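**Q** Got a structure here, written out as structure tokens. Questions coming.
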Amino acid sequence: MTVFIASLFLPQTVHFTLPGTPPRGARTEKAQPALIKPEKAAESAPSLFQPVANITPPHTPTEGQKPLTGFVNEDGLRVLPPLDTTTTAATTATGIRAPADRSSPTWGGRLDQPMSRASSPPPPSLIDASLQHKAKELGRQGVTQPSVLTRSESHDRVFAQADWKIVNADQGNGGLRNAVEAAAREGNLEEYTWVGTLGMPTDALQGTQQLQDIEDKFATEYDMLPVFCSDKDFDGHYSHYCKQILWPVFHYQIPDNPKSKAYEDHSWKFYVNVNQAFADKIVKNWKKGDTIWVHDYHLLLVPGMVRKKIPSAKIGFFLHVAFPSSEIFRCLATRQQLLEGMVGANLIGFHIHEYARHFLQTCSRLLSAEATPDGIQLEDRFVDVINLPIGIDPVSLSLHREEPEVQKWIDTMRERYAGKKLIVARDKLDHVRGVRQKLLSYELFLNRNPEWRGQVVLIQVALSTSEKSELDAAVSDIVTRVNSLWANLAYQPVVYLKQDIDYAQYLALLSIADALMITSQREGMNLTSHEYLFCQDGKFGGKKHGSLILSEFTGTASMFNGGDLSVNPWDYNQCARAIKQALEMEEEEKTRRWEQLSKQVNSHTGSTWFMNLMSRLDRVYDEQLRQDQTSVPRLSIGPLTQQYKRSQRRLMILDYEGTLVNWGPVNKIIPVSPQRTLDVLNDLLLDDRNTIYVMSGRRPEELDRLFRRVSNLGLIAENGCFLKDCGSNTWTEMADSDQIRSWKESVKGILTYYLERTPGAEIEERRCSLIFHYKSAEDYESAMRQATDCASHINDACEEQRVHAIPLDGCVLVEPIDWTKTTAAQRIFSDLRSHMGPDATHISPVDFLMVVGDGREDEKVFKWANSLHEDGTVHEVVTVSLGDRNTEAKATLTQGVSGVLLTLQKLAQIA
């Protein structure tokens, strides 16, 4: 069976060799190094209003590109020896390489890939000497080409006939790739196929044999399925919708400028088109038994699209960035479509509990779905939601650290910064990464601690975009100010690199650093911190056990449990104090903290993450498949009667509304129960081996009136808050009345707030629950939105009071968490068992248990009853559902209430 791993970019791409182009990997003056983490960086995108960069899709530099130099500061001053230009940049443990900067020829200007035909105009930076040189060289080869940027037929003909080879790509989710490779290396993953784009324009190759040959080679030799979409679709999808709309919103930065709305309206259709292309590719190649894993925010719609075509598919989805609160997510115009796409999966994964909780709250609020701690209960099925942090691949990282280049750079930097404390940082220069906050905090630290001036150096690697932004200027001003105040011929307090560094330098820098400082304002995880801790083990000549200063707004912070120096990036005083603490910390404390953090890093590896997700998906899928109504068999009367005959002590727990009667909404008083229902119950109770309880959401006094003519019948009222034993005339209050009164006061205020805004709605108060009815509201659509907001508000505000709000058809039910139909059933079963006396504590008095229901709240009773059979406590267990949703029940009845009464009547006739 094959595992399809769908990610926006494939691990490999294509390099073309054209006439007149320099050899692959050759050093050019225009190739500026800039290490970019595509899945984490907020790429700039073409404007709909002004001609800007034709960067669509983003560049995919290949493995032969190399940085020009070592550490070069903002003014071009080399502070370390130049790199060996024969060294090939390797992939980091997070999958990052050292590609060319966005200002270098990329989409529409790369010498080794076709030009994009997306409608965005090419940037002025692409019309440079290197492109003119390419045009001249093509001309010398006899190719008629007025301009490289005209995308002429000559351009297409050149690429259609050019030699090509498959090389490693720099775009994509490196953490995911490393996790998959580690799982495969360890023998935990056998057959798997990547699904993704090549990360390069392909319109110029459409309809050519060249493109077919590329697709065939990827499929046959690399087990990869390339997704080909038009340059225009990819441009609108990635550069516009993903980076201008989704990326800021997922990182709590709501786009508030006029062009944002235009981007959203304009680019949504392209986002849909690319997602549909992925779904179609998967559906075309899927076979029964295959697994589909979809990754990250670029492909939120794919699970739902695949589910429509293949209802029985096993689909997992994992989001690698943060998921915002419902207040932020609801600002998206396409919020509902995105959520509906995600819940097409069987299992949805997030890095940490906070993101999973935000997702559950958002689904409850926007989809009117019941959110449980385990997932989302939709009308027809259940979607499991988990959190599991990704990690690095220690094996691969260890191999890279053993390369001679790493030791060379360790020695070089140790000599260069002898006697100095090093704080290192490496971030994309955008608002999310908090580079400005970090530099201001460092400046404050130097102002307050003059004794450290001349003794500490901050090395900030900043991976900037091609756009000149206010942030870029602000950061440069801070660096200039700090260095102008305290720098001298022998000392520079800030080494600011607006370029990336070679991978060997990166590992060396992590190995000798005294502290790593991360001040992200919001980040899904942060694997740089994991790599830093791994490199601080003292091997290969590096220093040991440096400190980690980590923003509390990274996903990684939640798994480190205080071993790091957690900071709020907006609190400059706290960050400055953290720098001082990191530099002055005793070695013993450093070692203790490092051991604690290192243990977390080594236990949460990429391979462990991937295999836990796969095993969880397999388990979830099997459970959901068993619960699918089409998989649950109809109740068979023959076997049921045989089970009933051979039993000696029977317990039946029957739901009331929708099971024993098919009319009467919960908020309306029913004068009498249907006579047939009463007759069937009386007939069953003639057999003294039968114990019967009816469970309902109604008040105790209502149930007394409804069943006054049925003697020896047990009753469960208000969904488990009240219990009346068989033959008793009194009710037992299961719930804690003081606790009920406490949360009712809070909830009433919230319900009243929404009642005033929903004309025609009403609040029903019961002893242990409250119901917000809106079915008779004047504006039902508006009332439904108010009701979902109300449920979300209650669940957020009253979680500690052990109460939850459940959106139902036309109402919101607010009831306690600790007293349910299940807790009442458990009490009944326990009491029956205790009646056997002390000598029979391990013998169940019940050998036949039957539970029949039709509602969501009955599912937990089914699950409890089935568990008694699985552990051998009860020999015969029959659970029957009348609903049309996925169910925990082992059988279904399609005839509704009539079928239930007919079945019970047949049992009553058995002597």
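The values are calculated or read from the model by the stated rules, or taken from the named source; none is laboratory data. It should be emphasised that the depicted structure is a prediction, and the values quoted were computed from it without experimental measurement. We place every Cβ from the backbone using ideal geometry, glycine too, and count neighbours over all the protein chains shown.
**Q** From Cys726, Cys768, Cys721, grab the single residue that is surrounded by 22 or more Cβ atoms within 10 Å (Cβ to Cβ) and either without any contact (Cβ under 8 Å) to a residue 40 or more places away in the chain or in the same structural domain as Gln786 (by TED's automatic domain parsing) (or both). Give the steps one after another, and end with the answer.
**A** On the way: Cys726 fails: surrounded by 22 or more Cβ atoms within 10 Å (Cβ to Cβ); Cys721 fails: either without any contact (Cβ under 8 Å) to a residue 40 or more places away in the chain or in the same structural domain as Gln786 (by TED's automatic domain parsing) (or both).
The match here is Cys768.
**Q** Which of the following residues is within 28 Å of the chain's Cα centre (by Cα) and within 24 Å of Leu444 (Cβ to Cβ): Asn561, Asn568?
**A** Of the residues listed, the single one that is within 28 Å of the chain's Cα centre (by Cα) and within 24 Å of Leu444 (Cβ to Cβ) is Asn568.
**Q** Okay, next question. Please determine, by comparing only the residues of segment 370-401 that are modelled with pLDDT of 90 or more and among the acidic types (Asp, Glu), which one is nearest to the chain's Cα centre (by Cα).
**A** This residue is Asp384.
**Q** Kindly check whether there is at least one residue in segment 332-345 that is over 21 Å from Tyr192 (Cα atoms), surrounded by 20 or more Cβ atoms within 10 Å (Cβ to Cβ), hydrophobic (A, V, I, L, M, F, W, C) and in contact with a strand residue (DSSP E or B) (Cβ under 8 Å, 6 or more places away or on another chain).
**A** Yes, segment 332-345 contains at least one residue that is over 21 Å from Tyr192 (Cα atoms), surrounded by 20 or more Cβ atoms within 10 Å (Cβ to Cβ), hydrophobic (A, V, I, L, M, F, W, C) and in contact with a strand residue (DSSP E or B) (Cβ under 8 Å, 6 or more places away or on another chain).
**Q** Where the second residue is crowded, with 24+ Cβ neighbours inside 10 Å and in a helix (DSSP H, G or I) and the first is at negative phi and of a type in the set (Phe, Trp, Tyr) and lies in segment 344-360, which pairs have Cβ atoms under 9 Å and are six or more apart or on separate chains?
**A** Partner pairs satisfying both residue conditions: Phe350/Phe359; Phe359/Met342.
**Q** I've got another one for you. Where the second residue is buried (at least 24 other Cβ atoms within 10 Å of the Cβ) and the first is hydroxyl-bearing (Ser, Thr, Tyr) and lies in segment 430-447, which pairs have Cβ atoms under 6 Å and are six or more apart or on separate chains?
**A** Ser441/Cys575; Tyr442/Leu458
Matching residues to (1) touching a Leu at 6+ places or on another chain (Cβ under 8 Å); (2) closer than 15 Å to Leu225 by Cα; (3) crowded, with 20+ Cβ neighbours inside 10 Å:
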{"site": "Tyr271", "(1), (2), (3)": "yes, no, yes"}
{"site": "Ala279", "(1), (2), (3)": "yes, yes, yes"}
{"site": "Leu299", "(1), (2), (3)": "yes, no, yes"}
{"site": "Ser312", "(1), (2), (3)": "yes, no, no"}
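**Q** Separate question: Let me spell it out: the conditions are (1) farther than 15 Å from Asp427 by Cα; (2) under 39 Å from the mean Cα position of the chain (by Cα); (3) acidic (Asp, Glu), and Asp472 meets all of them except one. Which number is the exception?
**A** For Asp472, the failing item is (1).
**Q** Can you find, within segment 734-752, the residue that is nearest to Asp831 (Cα to Cα) among those that are surrounded by 12 or more Cβ atoms within 10 Å (Cβ to Cβ) and either among the small types (Gly, Ala, Ser) or more than 42 Å from the chain's Cα centre (by Cα) (or both)?
**A** Ala735
**Q** Do we have any residue at all in segment 546-555 that's assigned to a helix (DSSP H, G or I), surrounded by fewer than 24 Cβ atoms within 10 Å (Cβ to Cβ) and in contact with a helix residue (DSSP H, G or I) (Cβ under 9 Å, 6 or more places away or on another chain)?
**A** no
**Q** So which residues in segment 834-849 are touching a helix residue (DSSP H, G or I) at 6+ places or on another chain (Cβ under 7 Å) and either in a loop (DSSP other than H, G, I, E, B) or at pLDDT below 80 (or both), if there are any at all? Walk me through it before giving the result.
**A** Residues of segment 834-849 touching a helix residue (DSSP H, G or I) at 6+ places or on another chain (Cβ under 7 Å): 844-846, 848-849.
Result: Ser844, Pro845, Val846.
**Q** Within segment 773-813, track down each residue that is assigned to a loop (DSSP other than H, G, I, E, B), of a type outside the set (Asp, Glu) and more than 30 Å from the chain's Cα centre (by Cα).
**A** Tyr774, Lys775, Ser776, Ala777, Gly810 - these are the residues of segment 773-813 that are assigned to a loop (DSSP other than H, G, I, E, B), of a type outside the set (Asp, Glu) and more than 30 Å from the chain's Cα centre (by Cα).
**Q** Going through Asp789, Asp779, Asp831 one at a time, which residue ends up being at pLDDT 85 or above and in the same structural domain as Asp688 (by TED's automatic domain parsing)?
**A** After applying the criteria, what remains is Asp831.
**Q** How many of the residues making up segment 814-833 are β-branched (Val, Ile, Thr) and outside any helix (DSSP H, G or I)?
**A** Selection size over segment 814-833: 3.
**Q** Identify, from the list Met611, Met652, the residue that is surrounded by 15 or more Cβ atoms within 10 Å (Cβ to Cβ) and under 38 Å from the mean Cα position of the chain (by Cα).
**A** Working: Met652 fails: under 38 Å from the mean Cα position of the chain (by Cα).
Just one listed residue meets the conditions, Met611.
**Q** Being at pLDDT 85 or above, in contact with a Phe, Trp or Tyr (Cβ under 9 Å, 6 or more places away or on another chain) and assigned to a strand (DSSP E or B) narrows it down to one of Leu654, Leu681, so name that one.
**A** Leu654
**Q** How many residues are among the hydroxyl-bearing types (Ser, Thr, Tyr) and crowded, with 17+ Cβ neighbours inside 10 Å when one looks only at segment 208-244?
**A** 4
**Q** Same structure, new question: Scan segment 618-639 and give yes if some residue there is more than 30 Å from Asp290 (Cα to Cα), of a type in the set (Val, Ile, Thr), in contact with a helix residue (DSSP H, G or I) (Cβ under 9 Å, 6 or more places away or on another chain) and assigned to a helix (DSSP H, G or I), otherwise no.
**A** yes
Okay, residues lined up against (1) aliphatic (A, V, I, L, M); (2) in contact with a Gly (Cβ under 6 Å, 6 or more places away or on another chain); (3) in a loop (DSSP other than H, G, I, E, B):
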position: Ile328; (1), (2), (3): yes, no, no
position: Leu339; (1), (2), (3): yes, no, no
position: Arg357; (1), (2), (3): no, no, no
position: Asp384; (1), (2), (3): no, yes, no
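**Q** Taking Asp430 and the conditions (1) modelled with pLDDT of 90 or more; (2) surrounded by 23 or more Cβ atoms within 10 Å (Cβ to Cβ); (3) more than 30 Å from Cys811 (Cα to Cα), which numbered condition does it fall short on, given that it satisfies the others?
**A** (1)
**Q** Could you tell me how many of the residues in segment 278-330 are closer than 23 Å to Tyr252 by Cα and among the charged types (D, E, K, R)?
**A** 3
**Q** Among the strands (runs of 3 or more DSSP E) contained in segment 161-250, which hold 2 or more residues that are within 30 Å of His530 (Cβ to Cβ) and touching a residue at least 24 places away in the same chain (Cβ under 8 Å)?
**A** Fully inside segment 161-250 and qualifying: 163-168, 192-197.
**Q** If I filter segment 418-436 for residues that are under 27 Å from Ser607 (Cα atoms), touching a Gly at 6+ places or on another chain (Cβ under 8 Å) and not hydroxyl-bearing (Ser, Thr, Tyr), do I get at least one hit?
**A** Yes, some residue in segment 418-436 is under 27 Å from Ser607 (Cα atoms), touching a Gly at 6+ places or on another chain (Cβ under 8 Å) and not hydroxyl-bearing (Ser, Thr, Tyr).
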